[in-house]
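A short reminder: the numbers here are calculations on the coordinates, not readings from a lab. All values derive from a computational prediction rather than experimental measurement. Here the Cβ positions follow ideal geometry from the backbone for every residue, glycine too, while neighbour counts run over all protein chains shown.
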Amino acid sequence: MIYVQNYLEQLKYERGLSNLTIVNYKRDLDLLLELADKSPIDEITPSHIRRFVINLNNRHLSGKSISRVLSSWRGFFRYLILYHNYKINPCIGIKSPKSPKSLPQALSADQTSKLVSIQGDAPLEVRDRAILELFYSSGLRLSELVGLDLNSIDLINSTVTVTGKGNKTRIVPIGRFALDAIEIWLKVRMTLNIVDSLAVFITERGNRISGRAIQYRLKKWALTQGIDSDVHPHMLRHSFATHLLQSSGDLRAVQEMLGHANISTTQIYTNLDFQHLAKIYDATHPRAKK
């Protein structure tokens, strides 16, 4: 459908959404066309959308996934109303089924310290130590870390400038351990055969490292360092947020450093913090023991 392609191009070039986000939008809109079958898009009603939601629920999509799909559809119909004289947005008022809330997983402070303490002077060991330290020090998303260029790192002021969701830029502090690891890596990096001269983190062949490669290396180091959790890059971001909130209690500061548009997204870490406090209470309070 030509309207879908035009809408995706608008999202990419006018709103500056990432390629991955565009792929997700396309998948959701392809799903709409599949469910609509032979029904013309301009004849879809709220009743159709309710049936589509039931269909997705029967396919065992989570409430969160259905909510995301509905959001994509809602935005598409809004576009059709604005630019193609469509009359109604059939997704308005339609809610997704609720699914149990799951808290993000975070490592303990001891586990995190153990994970990032990579030993060795080989280029990949030095690089990976800098990557893990920076993840935990600054709470970066995987895509943000992969996209870092040399001019993103300010060694003098101990900050990193990242471009996050919605093409929004923020400046985040870098801790001393991460800064030391990065400085060592940058010296090693200069000795390599560099293909991508801008990228901070490169492969042995000199190209910018991919997100998939980082995921693989992180799992490798988790096993090597004796961490029994299923560690992934976002877990280090969760650990950063949880430990910072436990220490400071400053939700707004954590929101700013994570780059969350809404503080409600950051508030999930207050639940993690409460769980941490509850465990301490259960373990130490004389009246807590059953």
(request) Measure off 7 Å from each Cα along the Cα-to-Cβ vector at Lys64 and Ser39, then give the distance between these two points in nanometres to one decimal. (result) 2.9 nm
(request) Just grab the label-to-label distance for Asp180 and Asp30, each label 7 Å out from Cα along the Cβ direction, in nm (one decimal). (result) 4.9 nm
(request) Report the FRET efficiency, 1/(1 + (r/R0)^6), for Asp196 and Asn6, where r is their Cβ-Cβ distance and R0 is 25 Å, rounded to 0.05. (result) 0.15
(request) May I ask which residue of Ser143, Ala178, Trp221 lies farthest towards the positive end of the charge dipole of the stretch 128-233, with charges of +1 (Lys, Arg) and -1 (Asp, Glu) on Cβ and the Cα centre as origin? (result) Ser143
(request) Give, as a single signed number, the net charge of other residues whose beta carbon lies under 15 Å from the beta carbon of Phe52, with Lys and Arg counted +1 and Asp and Glu -1. (result) +3
(message) Could you derive backbone 3J(HN,Hα) for the stretch 53-58 from the dihedral phi with the Karplus parameters 6.51, -1.76 and 1.60 (θ = phi - 60°), listing whole Hz in sequence and x where the residue is Gly or Pro?
(response) 5, 4, 4, 5, 5, 5
(request) Report relative contact order for the stretch 1-130 in percent, whole number only (criteria: Cα-Cα under 8 Å, sequence separation at least 6). (result) 20 percent
(message) I need the phi-derived Karplus couplings for the stretch 9-15: 6.51 cos²θ - 1.76 cosθ + 1.60, θ = phi - 60°, integer Hz, Gly and Pro marked x.
(response) 5, 5, 4, 6, 8, 9, 9
(request) List the residues whose amide H sits under 5 Å from the amide H of Thr159, counting only those 5 or more places along or on another chain, with H placed 1.01 Å from N in the peptide plane. (result) Asp154, Ile174
